[in-house]
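A.B. asks: The structure follows.
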Amino acid sequence: MSNECWKCGEPAVIHRKYEGKSWCSEHFKQQFESLVKKTIRKEQLFENDDKVCVALSGGMDSSALLILLSELFDDWPNADLFALAIDEGIEGYRDESLAIAEKLCDRLDLNLHIASFKETFGKTLDDIMNDKEYGCTYCGVLRRWVLNKKSRELGATKLATGHNMDDELQSIFMNYLRGNMNRMIRLGAKPAVLQNNKFVPRVKPFRNTPEREIALYGRIRDIELHQTECPYVENSLRFDVRDFLNEMETKRPSTKYTALRAFDKILPILEEKFSAEDPCVGECNVCGEITSGEVCKTCELRERI
Ligand code: SF4
Ligand SMILES: [Zn+2]
Ligand SMILES: [Zn+2]
């Protein structure tokens, strides 16, 4: 491994085993941005007049995405960009990350909207977790519901998330392990759009970008790190899959890229097979939001909390 940038000879900040090259900070930054822009162009993630809502958590991935998009959107005068953060109500954890999100939006001069569980459901996640075990299960369902509804109410035409290559691969393997083949069509940088106008289409510009490279990019762009761990994080299947994939990548560099490219080859076939039978196009009898059944998961959970 070389300690010097292969382009300019300056000290390297990263060595990419999968391509056998080392990069200095400046050349890494340029190349990182151009690869993400390539994904945006190739997958046609945005239109010139899109109103894009970035789901901002205050973590590294969504913060880095907001910085990159804010610069990109300078060249698109008809497009609009703003951020939406969800305050689940987790004392000592979410308040810290929201403070980071607010500072970042001030720095970028972007609007930040905050939607809270307390205002929406009458309870914080802390209240809900008093007598419940599964933090992420509740939190994830409620958060997705709020994100879709609130971003739509704010007029968003796209909801951009900071999902990275590692997240995507974990989802692919989890779906395999659970036998959820029809759910695979919700993956990709621009997942298949649900046929319901209450659904705000998702886009994932970092979908082809490894997590550790986003972390480095974030340090180079002076993004404040949120170090506290959520007290309700579950020791889930996702963690086991993450550890397995990281171990494979260490032993056999390029494993993650190869696995993602292999999935990209079968995704169109899966879309053809499963999109007609995708059931998630109905509306909930209780709240009117999108669901695959009569009553959405959020309304089912609300009954229990
Ligand atoms: S770790 Fe789980 S409970 Fe905590 S904020 Fe994330 S999804 Fe919610
Ligand atoms: Zn260099
Ligand atoms: Zn509902």
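A.B. asks: Every residue in the range 169-208 that is in a helix (DSSP H, G or I) and open to solvent by 30 Å² or more (accessible area, probe 1.4 Å), please.
C.D. replies: Listed by number, the residues that qualify are 173, 176, 177, 178, 181, 182, 183, 186.
A.B. asks: Restricting to the range 125-146, what's the tally of residues that are over 24 Å from the mean Cα position of the chain (by Cα) and surrounded by fewer than 20 Cβ atoms within 10 Å (Cβ to Cβ)?
C.D. replies: Residues that pass the stated criteria total 5.
A.B. asks: Residue 102 passes all but one of (1) touching a helix residue (DSSP H, G or I) at 6+ places or on another chain (Cβ under 8 Å); (2) open to solvent by 20 Å² or more (accessible area, probe 1.4 Å); (3) of a type in the set (D, E, K, R); which number fails?
C.D. replies: Result: residue 102 passes all but (1).
A.B. asks: Would you pick out the residues in the range 92-111 that are more than 22 Å from residue 79 (Cα to Cα) and not in a helix (DSSP H, G or I)?
C.D. replies: Selection gives 92, 93.
A.B. asks: Right, another one. Can you tell me which residue within the range 73-94, out of those that are in contact with a strand residue (DSSP E or B) (Cβ under 6 Å, 6 or more places away or on another chain) and surrounded by fewer than 19 Cβ atoms within 10 Å (Cβ to Cβ), is nearest to residue 141 (Cα to Cα)?
C.D. replies: Restricting to residues being in contact with a strand residue (DSSP E or B) (Cβ under 6 Å, 6 or more places away or on another chain) and surrounded by fewer than 19 Cβ atoms within 10 Å (Cβ to Cβ), the top hit is 80.
A.B. asks: Only one of (1) within 14 Å of ligand 1 (Cβ to nearest atom); (2) out of contact with any helix residue (DSSP H, G or I) (no Cβ under 8 Å at 6 or more places or on another chain); (3) without any contact (Cβ under 8 Å) to a residue 60 or more places away in the chain; (4) among the hydrophobic types (A, V, I, L, M, F, W, C) is not met by residue 136, so which one is it?
C.D. replies: Just one mismatch for residue 136, condition (3).
A.B. asks: Just checking, how many residues over the range 1-30 are farther than 17 Å from residue 219 by Cβ and open to solvent by less than 90 Å² (accessible area, probe 1.4 Å)?
C.D. replies: Summing the residues that are farther than 17 Å from residue 219 by Cβ and open to solvent by less than 90 Å² (accessible area, probe 1.4 Å) in the range 1-30 gives 7.
A.B. asks: Return yes when residue 114 is part of a strand (DSSP E or B), open to solvent by 20 Å² or more (accessible area, probe 1.4 Å) and assigned by TED's automatic domain parsing to the domain that holds residue 191 and no when it is not.
C.D. replies: It is true that residue 114 is part of a strand (DSSP E or B), open to solvent by 20 Å² or more (accessible area, probe 1.4 Å) and assigned by TED's automatic domain parsing to the domain that holds residue 191.
A.B. asks: While we're looking at this one, here's another question. Kindly check whether there is at least one residue in the range 224-233 that is within 25 Å of residue 32 (Cα to Cα) and under 16 Å from the mean Cα position of the chain (by Cα).
C.D. replies: Within the range 224-233, not a single residue is within 25 Å of residue 32 (Cα to Cα) and under 16 Å from the mean Cα position of the chain (by Cα).
A.B. asks: Consider residue 237 against the criteria (1) touching a helix residue (DSSP H, G or I) at 6+ places or on another chain (Cβ under 8 Å); (2) open to solvent by less than 40 Å² (accessible area, probe 1.4 Å): it satisfies all of them except one. Which criterion is unmet?
C.D. replies: That leaves (2) as the condition not met.
A.B. asks: Which of the residues that make up the range 285-300 are of a type in the set (Asp, Glu) and either open to solvent by less than 80 Å² (accessible area, probe 1.4 Å) or not in a helix (DSSP H, G or I) (or both)?
C.D. replies: 289, 294
A.B. asks: Inside the range 1-57, can you point out the residues that are within 16 Å of ligand 1 (Cβ to nearest atom) and aliphatic (A, V, I, L, M)?
C.D. replies: If the condition is that a residue be within 16 Å of ligand 1 (Cβ to nearest atom) and aliphatic (A, V, I, L, M), then 55, 56 are the ones that fit.
A.B. asks: Please determine whether any residue of the range 108-120 is acidic (Asp, Glu) and closer than 30 Å to residue 234 by Cβ.
C.D. replies: Yes - at least one qualifying residue is present in the range 108-120.
A.B. asks: Still on this structure, I have one more. Sort out which residues of the range 58-72 are farther than 14 Å from residue 211 by Cβ and open to solvent by 10 Å² or more (accessible area, probe 1.4 Å), and write them in order of number.
C.D. replies: Those that are farther than 14 Å from residue 211 by Cβ and open to solvent by 10 Å² or more (accessible area, probe 1.4 Å): 70, 71, 72.
The values are calculated or read from the model by the stated rules, or taken from the named source; none is laboratory data. Everything quoted here is computed from the prediction, not taken from an experiment. Using ideal geometry, Cβ is built from the backbone for each residue, glycine included, and neighbour counts are taken over all protein chains shown. Note: areas computed on protein heavy atoms with side chains; ligands, DNA, RNA excluded. Shrake-Rupley method; radii C 1.70, N 1.55, O 1.52, S 1.80 Å.
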